[in-house]
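Quick notes on the structure that follows.
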Amino acid sequence: MYVQSPLVMQRVFSLICVLFFLAGCLGASSTGCGEGYEEMHAGDYSIDSITLDATTNQLSVVVKNEEGASGFIRENESLEQEQTIWIALHIQHNGQTTSIRGEDTEHSWTVTGDSSNGDSWISTVTFTSPDGFCDSGCEEIRFSAGYYDGVFYHDGTCESSPWFAV
C-alpha cells in the first residue's frame, strides 16, 4: 500500500481549491468565453471605419455600438446627466501610445457621440485627431469601453480591446 506524503496532498488540495474558485471566470457559457464574460458583458462594438487623411494626416475612427448599453460619454451639466459610459481610444504612433478618453477636455481631439449634442453614444462615436497627428505615422488603434459594472466586447468575440492596423 502506497501513502502520499502530506506535502503532495497539500499541493493537490491547493490546486483543487484554485480550480474551484476560477470556475466562475473560466466555466462554460453560451459564448464559450466563460461565466465572467457573461457577468461583465455590457454589449458589443465594432470599428466602423479608420480613416487617415493623406493630405492633413488627420486620423478619424468611428466606433459602432452593436446592441450594447448606451449612455453619456461625458457629464452634461445642462441636462443634469452624469457620465455613464467610459470610452477610450489608444493610438500607437512614433513608438509611443497616446490615450484619448471621451470625458477628457484637455486634449485637441474631437470626441463626438451621435446623440445629445455629441455627449451621448447610442449608435456611433467618432474620435477625430487634430491635423498633423499622424505626421510621423500611426500604426495601430485600440478602443475600450465600460459601463458601470460591465465591459463592451469587440463584435461578438471574447476580446474587449484588440489592436487594429491604421
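Using only the Cα atoms of region 42-165, what semi-axes does the equivalent ellipsoid have when each is the square root of 5 times a gyration tensor eigenvalue? Give whole Å, largest first.
On the way: eigenvalues 108, 61, 28 Å².
So the three semi-axes of region 42-165 are 23, 17, 12 Å.
Any chance you could list the semi-axes, whole Å, largest first, of the equivalent ellipsoid that the Cα gyration tensor gives for region 99-166, using √(5λ)?
Equivalent ellipsoid of region 99-166: 21, 18, 10 Å, largest first.
Once you place label points 7 Å from the Cα toward the Cβ at L79 and S60, how far apart are they in nm?
My value for the distance between the label points is 2.3 nm.
Want the number for S161 to L52: 0.36 nm per residue separation, take away the alpha-carbon distance, what's left?
Net length gain for the segment: 37.2 nm.
Could you line up W86, W121, W163 from fewest to most neighbouring Cβ atoms inside 10 Å?
Ordered by Cβ neighbours within 10 Å, fewest first: W163, W86, W121.
Can you tell me the FRET efficiency between H90 and E38 if r is taken as the Cβ-Cβ distance and R0 is 25 Å, rounded to the nearest 0.05?
0.45
Placing +1 at every Lys and Arg Cβ and -1 at every Asp and Glu Cβ, with all other atoms neutral, what dipole size does region 52-166 have around its Cα centre, in debye to the nearest 20? Walk me through the numbers on the way to the answer.
Working: 4 positive and 19 negative charges, 50 e Å.
So the dipole magnitude of region 52-166 works out to roughly 240 debye.
Rule-based calculations on the coordinates, nothing more; no lab input. If you're wondering where the values come from, they're calculated on a predicted model, not measured in any experiment. Neighbour counts run over all protein chains shown; Cβ positions are idealised from the backbone, glycine included.
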